[in-house]
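J.: Sending over a structure as structure tokens; questions will come in a sec.
The values are calculated or read from the model by the stated rules, or taken from the named source; none is laboratory data. Everything numeric here is computed off the predicted structure, so don't read it as measured data. So basically every Cβ, Gly included, is an ideal-geometry build from the backbone, and we count neighbours across all protein chains shown. All accessible areas refer to the heavy atoms of the entire protein, side chains included, with ligands and DNA or RNA removed. Shrake-Rupley method; radii C 1.70, N 1.55, O 1.52, S 1.80 Å.
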Amino acid sequence: MTGLGVEIKGVVKKYGTLKAVDDVSLRVSPGELFGIIGPDGAGKSTLFRMIATLLLPDSGKITIGDRDVVGDYRDVRSVLGYMPGKFSLYQDLTVRENLDFYASVFGTTVGENYHFISDIYRMLKPFEKRLARHLSGGMKQKLALCCSLIHRPQVLLLDEPTTGVDPVSRYEFWEILKRLSADGMTIIVSTPYMDEAYKCSRMAMMIGGKVIKEGTPDDIIAGYNGKLWKVSGREVYGMLLAVKAYCGVVSCDSFGDSLHVVVRDDIEGLRSYLREKGYDDVTVEATKPTVEDCFIELVRDGCSDR
Amino acid sequence: MKRMLSFVKKEFLLILRDKRTMLILLGLPVVMILIFGFAISDDVRNVDVAYYAHRENILIVKVMERIGANETFNLVGRCGSLREAEDALLSGEADIVVCFDDEFGAQQPIQGKTASVEILADASDPNTASTGVAILKNVMSRYYMEHTGNESLINPHTRLLYNPAMESTYNFVPGLMGLILMLVCAMMTSIAIVREKETGTMEVLLVSPTKAWMILLAKMVPYFVVSCFNLATILLLSVYVLGVPLSGSLAALISVSALYIMLALSIGLFISTVMKTQVTAMLISVITLMLPTMLLSGMIYPCENLPLPLYYFSMIVPARWYIVVVKKLMIEGLPFIAVAKETLVILAMFVVMLALGVKKFNDRLE
């Protein structure tokens with residue numbers, strides 16, 4: 001199976017005076033697993049709805065393959081699988097009834113395409129007769145995924161599919177997506193979780209309606225400008241406050257059980273400052289930035305530019 | 001076709017599993033028929049009557065006995081004084097007090113002096129008061145005539161010429177059919193469609209090759225079936241419990257009712273295309289459907305009594321036409337040809353509403 005490419009050119013969407021999506025241009029190649037990463041309110045869902053033909057862009061153009069999402073929206077809808085951010089199945093139907101219903105909505109049957117979703121549906125099989133409202137968060141999302149896959153779409157749009165899902169289910173979910181993309185399906189997925197960026201072949205970072213960075217996860221990390229230090233010690237929270245109070249610090253964020261710190265000039269200054277403050281068991285070492293660090297840097301630079 | 005069937009099946013499953021909605025859909029008509037049929041009618045019953053007489057005599061006792069025997073009145077007793085009579089009215093112990101003067105039924109009437117009776121009524125409920133008083137006068141004058149053979153001095157009120165209890169039930173049934181079918185179809189359909197918008201399932205349905213009209217039609221079919229079921233319930237209750245006659249053609253009545261149901265469904269469809277949340281859909285349904293249907297359709301007040309602007313407005317209230325049809329077909333027993341005009345109006349409204357709804361239905365989110 002070959003997926004279709006998605007091309008987004010200069011798309012703007014305004015709600016009143018608010019620009020929910022502000023001049024976004026992206027190109028997603030066929031078969032890519034493309035991530036759109038950004039906090040809540042970054043404009044991800046609005047962008048997804050425009051790709052899904054549900055909202056009309058105020059300006060700009062989106063094409064899927066060679067079909068325009070505005071002019072050829074009927075054609076687009078037949079090649080598209082869309083899973084909205086909100087759980088969008090019928091709570092009062094059972095797992096199987098939901099699947100059967102969506103299969104017939106898309107003019108197919110579960111039997112016809114079962115092999116296509118069998119990997120995922122196997123996990124749901126024991127709960128076939130359960131009402132959708134009684135499923136766990138992870139199960140719901142898997143069911144929703146099954147429903148959006150049942151007609152073998154060429155392009156799959158997933159709006160925050162892992163939000164509110166436990167880590168194990170999230171892991172499983174991404175493994176499924178990787179397999180689908182390896183089979184040639186084009187997948188665009190949004191997420192607020194930075195750590196999921198590594199699962200994507202390419203990604204775009206969105207904030208305030210704009211794409212502030214685009215590339216492979218490695219590209220993005222390579223684009224990190226500063227020098228990042230990992231500060232760890234016993235009392236992390238106290239240290240966080242202390243480091244933030246230090247005048248030479250550019251940014252300091254907690255990262256698991258340690259701190260990621262960027263300093264203006266010499267790191268020795270921070271070392272001796274912490275020793276003065278009584279944190280003598282502190283280790284300070286250079287560390288590789290993560291996608292999250294890149295995001296923080298980009299947001300910080302964006303703020304200082306304004 | 002297969003797609004359509006699975007849509008309809010899904011819709012039925014959702015209705016059946018939503019117990020509360022089911023209860024409203026099927027229980028509401030029964031409850032309303034019973035409430036309107038029995039409780040809310042403009043005939044007067046259980047009027048408490050007390051009397052006051054300074055000196056009691058056999059005639060007064062006989063008159064009061066006769067009053068107490070009437071099914072409209074409950075005799076509550078004698079008041080010792082005018083003061084007590086007033087207290088009884090104020091406290092609600094009595095709705096009407098009959099005051100006899102000393103000349104009434106006296107053994108030796110004083111020459112040249114006429115006996116007089118004063119009737120005090122609590123008019124805070126004007127309907128009970130006026131109707132009660134009228135019936136009371138009637139009872140008394142009839143007794144007086146039988147007793148003396150003389151022409152009554154009290155003129156019976158014309159209001160007593162018809163029996164309000166029977167009439168009101170007859171009048172309410174057609175109106176109620178118009179109201180219930182309109183509410184169940186229009187409100188429930190609009191809420192059902194808007195609910196899909198709210199829960200987000202509409203988003204997925206829209207991003208599918210399914211045509212908009214199919215989504216809409218599939219929504220209407222189950223509610224049409226439920227409404228036909230309701231129609232049967234209402235007709236059975238009306239005929240066998242309330243005793244409303246079914247004097248015309250049942251087939252004609254059912255056909256026009258089915259048309260009216262389709263009109264209501266298309267109105268619900270139209271509302272759902274405009275509204276975004278279930279709450280607003282509900283409110284708009286009540287404001288634009290329930291109130292006009294109750295007040296401007298001839299259900300409670302005759303349309304002819306409306307001020308002119310409202311009279312013209314009542315022309316676009318679907319129930320107004322439907323109620324006429326039901327009255328003519330069911331109660332007056334006229335042939336179908338007598339309601340051809342009304343049927344055409346309903347048909348025209350249906351076509352217009354359906355066209356508007358389908359045109360307005362957005363297959364995008366904005």
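J.: Can you tell me which residue is nearest to the other protein chains (Cβ to nearest Cβ) among those in the range A:27-48 that are small (Gly, Ala, Ser) and open to solvent by 30 Å² or more (accessible area, probe 1.4 Å)?
T.: A:45
J.: Counting only residues that are among the hydrophobic types (A, V, I, L, M, F, W, C) and at pLDDT 90 or above, which one in the range A:181-200 is surrounded by the fewest Cβ atoms within 10 Å (Cβ to Cβ)?
T.: Of everything passing the filter in the range A:181-200, A:182 is surrounded by the fewest Cβ atoms within 10 Å (Cβ to Cβ).
J.: Out of B:288, B:343, which single residue is touching a residue at least 12 places away in the same chain (Cβ under 8 Å), open to solvent by 70 Å² or more (accessible area, probe 1.4 Å) and part of a helix (DSSP H, G or I)?
T.: B:288
J.: So if I check each of B:73, B:36, which one is aromatic (Phe, Trp, Tyr), in contact (Cβ under 8 Å) with a residue 40 or more places away in the chain and in the same structural domain as residue B:237 (by TED's automatic domain parsing)?
T.: B:36
J.: Suppose we keep only residues that are touching a residue at least 40 places away in the same chain (Cβ under 8 Å) and open to solvent by 60 Å² or more (accessible area, probe 1.4 Å) within the range A:57-66. Which one would you say is nearest to the other protein chains (Cβ to nearest Cβ)?
T.: A:58
J.: What number goes with the only condition from (1) touching a residue at least 40 places away in the same chain (Cβ under 8 Å); (2) within 14 Å of chain A (Cβ to nearest Cβ) that residue B:208 does not pass?
T.: Looking at each condition in turn, residue B:208 falls short on (1).
J.: Let me ask something else. Kindly check whether there is at least one residue in the range B:11-29 that is modelled with pLDDT under 85, open to solvent by 30 Å² or more (accessible area, probe 1.4 Å) and over 25 Å from residue B:186 (Cβ atoms).
T.: Checked the range B:11-29: no residue is modelled with pLDDT under 85, open to solvent by 30 Å² or more (accessible area, probe 1.4 Å) and over 25 Å from residue B:186 (Cβ atoms).
J.: Out of A:244, A:230, I need the residue that is open to solvent by 20 Å² or more (accessible area, probe 1.4 Å) and in a helix (DSSP H, G or I). Which one?
T.: It is A:244.
J.: While we're on this one: Mind telling me which of the residues A:24, A:12 ends up being among the hydrophobic types (A, V, I, L, M, F, W, C), assigned to a strand (DSSP E or B) and open to solvent by 10 Å² or more (accessible area, probe 1.4 Å)?
T.: A:12
J.: Since residue A:51 meets every condition but one in (1) within 11 Å of chain B (Cβ to nearest Cβ); (2) under 30 Å from residue B:16 (Cβ atoms), which condition does it not meet?
T.: The number of the failed condition is (2).
J.: Answer yes if at least one residue in the range B:262-273 is open to solvent by 10 Å² or more (accessible area, probe 1.4 Å) and under 18 Å from residue B:234 (Cα atoms), and no otherwise.
T.: yes
J.: If I filter the range B:309-340 down to residues being in a loop (DSSP other than H, G, I, E, B) and not charged (D, E, K, R), which single residue comes out as most open to solvent (accessible area, probe 1.4 Å)?
T.: B:316
J.: Acidic (Asp, Glu), out of contact with any Asp or Glu (no Cβ under 8 Å at 6 or more places or on another chain) and within 14 Å of chain B (Cβ to nearest Cβ): which single residue out of A:196, A:160, A:175 fits that description?
T.: Sole residue among the options that is acidic (Asp, Glu), out of contact with any Asp or Glu (no Cβ under 8 Å at 6 or more places or on another chain) and within 14 Å of chain B (Cβ to nearest Cβ): A:160.
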